[in-house]
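First up is the structure itself, then whatever we jot down about it.
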Amino acid sequence: MTTAVDPHALPVSSDLAQRLRAHVQFLAGPDLHGRKPGTEGNRKAAAYLADSFREIGLEPVPSLGGYRQQLAGDLGDNLIGMRPASGRTGSAPWILLAAHFDHLGGNYLGADDNASAIGILLETARAMPALAHHHLLFIAFNAEEPPHIRTPLMGSQQFVDHLPPEIDLPSRFQAVIVMDLMGGVHWKPIQDTIFAGGAEQSPGLYRRLKEAAREASGVKREAKPLTPHASRLTVLPLGMHLIEELPLIGHVSFSDYDAFRNIGVPFLFLSAGRTPRYHQPSDLPDTLHYERMAATVGWMQRLLQILDEDTEPYRFERGRVELADDIATLRLLATQAAREDSEIPGTSFLSHSKMRADAQWLERLDPGRVMADDVTRLRRLSLRMQCLLVDFPVCFLL
């Protein structure tokens, strides 16, 4: 039986990783009491973000008169900063990088969910110069957690419903990148991995994602630098039709990307995945993988530079899938999970037996001859793996 990764044993040696840890320690510290919307802790977090945007040198959106977009229902504010394009006028399209900063409140402090992604957003904004062809927008959304998720009160939904006049129309977004749960670490085979979904619904964006993913793993593109951080990062594509399979819930959206998908905006959703600390009081600052987060900052810079090269709008094709890449990712994961020396910690005998059968099935599955029943089994496998990764007790039933 394998043991879980001990995050306390992971180094935090680079200056960037230490800055990321400082962001998380403040946002997920006990003084903010879990950043629940409408509370003093949430307001303190918003003030920290506004001060950080100012210190980083982001510009306010002129029509907002500052960094804050007030939400309905006394929930607080979204925090919005911009870096205008250097080579074009106000007519340039926008690329948005976003993450939510609220959490559940009380003893639920939310280090991974979602102070981790906010730290990456802040340090990416610090490092990014102006792009030549696109305005950059950095948003810390509020009111993402229950009971606001998938309602009109969700911060990202309120932003979409009240776009600043500088943006005006959803078609002005070239791409939206949403991050959630970016710091957790539990299973060693994915210790240095993040997952990328949603881009498969936009062929141009997906092509650029795969190019950036190859560079992250060390495959060079002529005359272009690799990530400036020394760590290697594995970026695995996985379609939203597989990611949105949730244990005990079923098929459902679960983060801010959904507000943009619903209006046909090309989007990319990034996550390191859930761990047993998800939505638990144990989601604390000393349980995160800060050097992988630092590598993600470097990779994000490169991805934004690559996206800036495309001046034609990306198409959005709702429901489009990339089954060959889905199969390749799940085959890689299932092969590791089916081995006794690298199984997901806590895997029962029955779950391990099912994982071995799925791994053997994936080895035989021809990506060019996938049937409806195969897609159903892929979704069930994704659900089982997510169940095991959060250490639910009934994963063998899935």
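We did not get these values from a lab; they are worked out from the coordinates using the rules stated. Since the model is a prediction, treat every value here as computed from it, not as a measurement. Please note: Cβ atoms are built from the backbone with ideal geometry, for glycine as well, and neighbour counts cover all protein chains shown.
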Over the range 323-397, relative contact order from alpha-carbon pairs under 8 Å, at least 6 apart, %: 38
Amide H contacts of L246 (H built 1.01 Å from N, under 5 Å, at least 5 apart or other chain): H251, V252
Peptide ranges 57-67, 76-86 listed from the most packed, as the mean C-beta count within 10 angstrom indicates: 76-86, 57-67
Among A259, A294, A72: highest mean-square fluctuation, GNM of the chain, C-alpha pairs under 10 Å: A72
CD proxy at 222 nm, helix term only [per DSSP H run n ≥ 4: -39500 (n - 2.57); per residue of the chain; nearest 500]: -11000 deg cm²/dmol
Burial order of peptide ranges 359-365, 46-52 (average beta-carbon count within 10 Å, highest first): 46-52, 359-365
Reach of K210 by Cα under 19 Å, taken over aspartates and glutamates that are not fewer than 8 positions away in the same chain: D192, E200, E222, D308, E309, D310, E312, E317, E322, D325, D326
Angle between the chain longest axis and helix 15-27 axis [Cα atoms, degrees, rounded to 10]: 80
Three-way shape label, the range 68-185, alpha-carbon gyration tensor, a/c 1.5: oblate
Base-10 log of normalised Debye intensity for the chain (one unit scatterer per alpha-carbon) at q = 0.10, 0.11, 0.14 Å⁻¹: -0.62, -0.76, -1.28
DSSP-defined antiparallel bridges as percent of all bridges, the chain, nearest 5: 45
Most mobile of D283, D373, D168 in a GNM of the chain (Cα contacts under 10 Å): D373
Rounded to 10°, Cα long-axis angle of helix 116-127 versus longest principal axis of the chain: 50
Peptide ranges 153-164, 296-307 listed from the most packed, as the mean C-beta count within 10 angstrom indicates: 296-307, 153-164
Positive-end residue, the range 40-185 charge dipole about Cα centroid, Cβ charges, pick of V160, S116, P147: V160
Relative contact order (%) - the range 1-160, alpha-carbon pairs under 8 angstrom, separation at least six: 27
Whole-Hz couplings from phi, Karplus 6.51/-1.76/1.60, listed for the range 195-201; x for Gly and Pro: 9, 10, x, x, 5, 4, 8
Tilt relative to the chain, helix 40-56 - C-alpha long axis, 0 to 90 degrees, to 10: 70
